[in-house]
Amino acid sequence: MPRVALLLALLLHAVAAQAQPRVLEMLVYPNAGVFELAPGKGPGGPGGAMLQRLQTLSGVTLNQQFMPIPRAMLTVRQAAGHCAVGVTRTPEREGLLMWAGPWARAASTVYARADDPRTLHHPQELRGSSIVVLRDSALADWLKTQGIPATLVKDNTTGLRMLQARRVDYWLANDLAAQFIIRAEGGATPRALHSFERMDLYVGCHPGTDPAAVAALDAAIAQLRRNGELAEFGLR
C-alpha cells in the first residue's frame, strides 16, 4: 500500500508540473523598425509581433522587456528563466547558453550614401574612412579587433541619420536591422556597398532555464519558418 501511495504521489506531482504555465523573461533591445517601444504594451514593431506569434504557437508566456545589449547578455548568463533575442551562436557562447532557432538571418553590411561613387571589395578598405556603428554590437567588436576606429551610437537610427547628414562616410549594420530602419525612417535611401559574414540569430537562454520551455520555443520557430512567416526576418 505505501508503494501505491508513493507512485500515486509521484504521478500527481508530474501532472501538476506539466500543468504549471511556462514563463520566460524575453530580453530585447530597442531597434527602430524591428523592436519599438509601445507604451503600456511592451516591445512593438515586427519583432514584437513575431514574439507574440511565437508565444501563441509555443504555449510559453514571453514577458518581453527592453534591456541594453551588455546587460541583456550578462542577465542571460546569470539568471535562469531569462532569454535574449538576436544572439549570434559563436563557439565561445555555444556551451554557455541554451538555444532556440535560428529565427532571423542577417549579413554585416556597409552602407554608403546613394550619391557616393566609391566601391568597396573588402572590409579592410574601410581603413581611413569615418564609420558609424551600433555600440556594444558584434560589428563594433569586429571593428575594434581590426583596429578600425568608429563612432559608436546607442541605436541604428542615429547611425542612418548621421550617414544621410554626411557626418560619416559609412554606416556599418546588419542588413536585417538596416532594412527595417530605412523603411521606417524614410529620407534618402543609402546604398548597400558591401556585405560579409552572414550570420544566423538565435534566442539564447540561461542554461538553467526550463528545457521543455526552450524546446517548445524551438519547435514553434521551426513551424514559423515552415509556414514562411519568418521570411521578413531573412529566413525562408
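The values are calculated or read from the model by the stated rules, or taken from the named source; none is laboratory data. Being a predicted model, the structure only gives us computed values, none of them experimental. When we count neighbours, we look across all protein chains shown, and the Cβ atoms used for this are built from the backbone with ideal geometry, even at glycine. The accessibility values were calculated without ligands, DNA or RNA, using every heavy atom of the protein model including side chains. Shrake-Rupley method; radii C 1.70, N 1.55, O 1.52, S 1.80 Å.
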Mind checking which pairs have a first residue in the stretch 165-177 that is surrounded by fewer than 17 Cβ atoms within 10 Å (Cβ to Cβ) and a second that is modelled with pLDDT of 95 or more and assigned to a loop (DSSP other than H, G, I, E, B), Cβ under 9 Å, 6 or more apart or different chains? Arg166/Arg113; Arg167/Ser130
Flagged in the stretch 120-132 as open to solvent by less than 90 Å² (accessible area, probe 1.4 Å), part of a loop (DSSP other than H, G, I, E, B) and touching a residue at least 60 places away in the same chain (Cβ under 8 Å), in numbering order, are Leu120
Cβ contacts < 7 Å: first residue in contact (Cβ under 8 Å) with a residue 40 or more places away in the chain and of a type in the set (Gly, Ala, Ser), restricted to the stretch 51-69; second residue open to solvent by less than 50 Å² (accessible area, probe 1.4 Å) and part of a helix (DSSP H, G or I), any location; separation 6+ or different chain. Result? Ser58/Ala216; Ser58/Leu217; Ser58/Ala220; Gly59/Ala216
By residue number, the members of the stretch 78-100 that are surrounded by 14 or more Cβ atoms within 10 Å (Cβ to Cβ) and modelled with pLDDT under 95 are Val85, Gly86, Val87, Thr88, Arg89, Arg93
Looking across the stretch 178-191 at residues that are surrounded by fewer than 16 Cβ atoms within 10 Å (Cβ to Cβ) and of a type in the set (A, V, I, L, M), the single one that is nearest to the chain's Cα centre (by Cα) is Ala184
Could you check, for the stretch 56-63, whether at least one of its residues is in contact with a Gly (Cβ under 6 Å, 6 or more places away or on another chain) and not basic (Lys, Arg)? no
Of the conditions (1) surrounded by 17 or more Cβ atoms within 10 Å (Cβ to Cβ); (2) within 27 Å of Leu37 (Cα to Cα), Ala112 fails just one. Which one is it? (2)
Are any of the residues in the stretch 147-163 surrounded by 18 or more Cβ atoms within 10 Å (Cβ to Cβ), touching a residue at least 60 places away in the same chain (Cβ under 8 Å), small (Gly, Ala, Ser) and within 17 Å of Val34 (Cβ to Cβ)? no
Only one of (1) in contact with a Pro (Cβ under 9 Å, 6 or more places away or on another chain); (2) under 22 Å from Leu143 (Cβ atoms) fails for Leu97. Which number is that? (2)
Please go through (1) farther than 17 Å from Gly33 by Cα; (2) at pLDDT below 95 for Val168 and return the number of the only condition it doesn't satisfy. (2)
